[in-house]
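Engineer: Starting off with a structure, shown below.
The values are calculated or read from the model by the stated rules, or taken from the named source; none is laboratory data. Here the structure is a predicted model, which is why all the values come from computation and not from measurement. Note: ideal-geometry Cβ built from the backbone for every residue, glycine included; neighbour counts use all protein chains shown.
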């Protein structure tokens, strides 16, 4: 983030605000000067959040389902840490993120409070996924819910 702020100051040439200017009047950013960047200004870029979330340089054993990795981590889901962006980030991030998390916690708390949950079968929990635009499980999670008395 510090590098981005420094680059913005360099591009803005000391101005506190960059108003509408012709694009050619500002110097190119470092990413635009890079020989590996060869897209035009009208190109739509898609960010592969799936690959980012499973990058071994960010996570230890990223293919394993280990929710405990987030217990003592400073990384959150709100879009400020790009290692984990389930709701998107920036101005295109999900506007209902807070509502979604409150509803998820409420539903989960009620399920755990009112039912005893157990996996059906002896196979265990299969967390494998299928390919697609959104992530889907290959095999559904089968759970037996017994009402508490």
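Engineer: Which residue is nearest to the chain's Cα centre (by Cα), if the candidates are limited to the stretch 102-127 and must be at pLDDT below 85 and within 30 Å of residue 79 (Cβ to Cβ)?
Structural biologist: The extreme case among them is 127.
Engineer: Now for a different question. Please give the number of the condition residue 131 fails out of (1) surrounded by 10 or more Cβ atoms within 10 Å (Cβ to Cβ); (2) within 16 Å of residue 52 (Cα to Cα); (3) over 16 Å from the mean Cα position of the chain (by Cα).
Structural biologist: Of (1) surrounded by 10 or more Cβ atoms within 10 Å (Cβ to Cβ); (2) within 16 Å of residue 52 (Cα to Cα); (3) over 16 Å from the mean Cα position of the chain (by Cα), only one is false for residue 131: (1).
Engineer: Given the condition modelled with pLDDT under 75, assigned to a helix (DSSP H, G or I) and surrounded by 12 or more Cβ atoms within 10 Å (Cβ to Cβ), answer yes or no: does some residue in the stretch 12-28 qualify?
Structural biologist: yes
Engineer: Under 9 Å by Cβ, and 6 or more places apart or on different chains, what pairs join a residue from the stretch 40-63 that is touching a residue at least 40 places away in the same chain (Cβ under 8 Å) with one that is surrounded by 10 or more Cβ atoms within 10 Å (Cβ to Cβ) and assigned to a loop (DSSP other than H, G, I, E, B)?
Structural biologist: Sorted first by the residue in the stretch 40-63, then by its partner, the pairs are 50/135.
Engineer: Further question: Mind counting the residues in the stretch 89-122 that are touching a residue at least 24 places away in the same chain (Cβ under 8 Å), in a loop (DSSP other than H, G, I, E, B) and surrounded by 12 or more Cβ atoms within 10 Å (Cβ to Cβ)?
Structural biologist: Of the residues in the stretch 89-122, 0 are touching a residue at least 24 places away in the same chain (Cβ under 8 Å), in a loop (DSSP other than H, G, I, E, B) and surrounded by 12 or more Cβ atoms within 10 Å (Cβ to Cβ).
Engineer: Checking residue 86 against (1) modelled with pLDDT of 80 or more; (2) surrounded by 10 or more Cβ atoms within 10 Å (Cβ to Cβ), only one condition comes out false. Which one?
Structural biologist: (1)
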